[in-house]
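Let me begin by presenting the structure, written as structure tokens, before commenting on it.
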Amino acid sequence: MHVAVKDKTTRHHIGYGKVILFGEHFVVYGAESIVAGINEYTTCEISRLKHKPNVVEVIDERPAVPGYIKEKREEQRVAHGLVLRHLNIDTSKDGLLVKLGGPLVPSSGIGASASDVVSLSRALNELYSLNLSEEAVNRSAYAGECGYHGTPSGVDNTAATYGGIILFRRALKKSVFSRLALGKTLSIIVCSTGITASTTKVVADVARLKAAQPSWFDDLFEQYNACVREAKKALQSGNLRRVGELMNINHTLCQKLTVSCPELDAIATCCRTFGALGAKMSGTGRGGLVVALAANTQERDRIAKAVREQCKEAKFVWRYSVQPGGSKL
Ligand code: MEV
């Protein structure tokens, strides 16, 4: 039973966007991944729809890439329903009006679904005075991510909840994560193919390949583990050149896993040609994003401009900084 239910939230509640620096797909099978919350986020406000039982209306004002919101609408409906169920929210008397916004541009790979369900969980927390801890917000968002992802590792909702740079692993159905101390601020360029991929479908394809060819998968998995072990050290010591090389290696492993695509490969090559220290696909793949690392902010801005002007596969190009800090775990 909820004690103090408000008519509407009094402020914006947020969930961060993210980029996976190392380990998409391998993380689903228990490998360690490295993920960075970025400094853009989704916001959520909620008001109660008096006497509109079981109605959950969503006004989605996020500045998404074309087609994204429509394509994800059904998954979003399921995801929101799962969050409401997880938090035992009763809409049988009054419905809810959920308003999403904020600066994060939803596109495949940027953790938009996770930032949606994190911001929703936080807003419900205020509306129904649930007194959720950060960990409980993260668990609620994980429940929602099952609507978007099928079998999520939990890396996206963890990054969307806490921000900053995180080492993440799924072990015995639990999320194990810690902060990674960065030796240097990361200046990154994120390029979108503009193609929205279904995480559920791509993750299921990898599962099928793994089941059909277990030793092939084990070999790639071992190569990935060696890559992320080194990446951790390089990030901690601030050896950006080595981080870049390892991002390139991770991209090749994603290609072998069949989750890259010609557009992602072309953008990664372009970023390297224009001087990025390394570039890889990030997130689900088969569309979505490339993340490229620059030596510093000036280099980042120069490379972003060149990619924007000369790489036709890059439909959107964003610049971010990943700081050593972040909220406390
Ligand atoms: C999606 O952002 C990352 C994947 O590894 C899926 C997951 O970890 O749940 C593809």
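The values are calculated or read from the model by the stated rules, or taken from the named source; none is laboratory data. All values derive from a computational prediction rather than experimental measurement. All Cβ positions, glycine included, derive from the backbone under ideal geometry; neighbour counts span all protein chains shown.
For the reader, a short list of remarks on this structure follows.
- Residue within region 11-27 that is more than 16 Å from the ligand (Cβ to nearest atom), more than 16 Å from the chain's Cα centre (by Cα) and either among the β-branched types (Val, Ile, Thr) or surrounded by fewer than 23 Cβ atoms within 10 Å (Cβ to Cβ) (or both) present: yes
- Single residue of LYS72, LYS50, LYS93 found to be under 16 Å from the mean Cα position of the chain (by Cα) and of a type outside the set (Ser, Thr, Tyr): LYS72
- Unique residue being hydroxyl-bearing (Ser, Thr, Tyr) and more than 16 Å from the ligand (Cβ to nearest atom) when the list is SER113, SER47, SER108, SER33: SER47
- Restricting region 28-40 to residues that are modelled with pLDDT of 95 or more and closer than 19 Å to VAL118 by Cβ, the residue that is nearest to the chain's Cα centre (by Cα) is VAL35.
- Qualifying residue in region 311-321 (condition: touching a residue at least 40 places away in the same chain (Cβ under 8 Å), closer than 17 Å to SER187 by Cα, buried (at least 22 other Cβ atoms within 10 Å of the Cβ) and not assigned by the TED database to the domain that holds TYR29): no
- Count of residues meeting criterion [in a helix (DSSP H, G or I) and within 14 Å of THR193 (Cα to Cα)] in region 259-303: 10
Table: residues versus (1) in contact (Cβ under 8 Å) with a residue 24 or more places away in the chain; (2) of a type in the set (A, V, I, L, M); (3) assigned by the TED database to the domain that holds ILE69; (4) within 16 Å of the ligand (Cβ to nearest atom).
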residue: LYS93; (1), (2), (3), (4): yes, no, yes, no
residue: LEU120; (1), (2), (3), (4): yes, yes, yes, no
residue: CYS146; (1), (2), (3), (4): yes, no, yes, yes
residue: THR151; (1), (2), (3), (4): yes, no, yes, yes
residue: ALA159; (1), (2), (3), (4): yes, yes, yes, yes
residue: GLY164; (1), (2), (3), (4): yes, no, yes, no
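- Checked against the criteria, LEU182 does not count as over 22 Å from ALA114 (Cα atoms), buried (at least 23 other Cβ atoms within 10 Å of the Cβ) and not aromatic (Phe, Trp, Tyr).
- Single condition VAL190 does not satisfy, out of (1) under 15 Å from ILE110 (Cα atoms); (2) at pLDDT below 95; (3) within 14 Å of the ligand (Cβ to nearest atom): (2)
- Flag: VAL137 does not match the condition of being surrounded by 19 or more Cβ atoms within 10 Å (Cβ to Cβ), in the same structural domain as HIS51 (by the TED database) and closer than 26 Å to LYS50 by Cβ.
- The residue of region 295-329 that is nearest to ALA268 (Cα to Cα), among those that are at pLDDT below 95 and of a type in the set (Ser, Thr, Tyr), is TYR320.
- Residues in region 112-126 that are out of contact with any Phe, Trp or Tyr (no Cβ under 7 Å at 6 or more places or on another chain) and not aliphatic (A, V, I, L, M) were compared, and the one that is nearest to GLY283 (Cα to Cα) is ASP116.
- Strands (runs of 3 or more DSSP E) within region 1-100 that include 3 or more residues among the small types (Gly, Ala, Ser): 33-49
- Single residue of region 232-244 satisfying the filter (among the small types (Gly, Ala, Ser) and in contact with a Lys or Arg (Cβ under 8 Å, 6 or more places away or on another chain)) that is surrounded by the most Cβ atoms within 10 Å (Cβ to Cβ): ALA234
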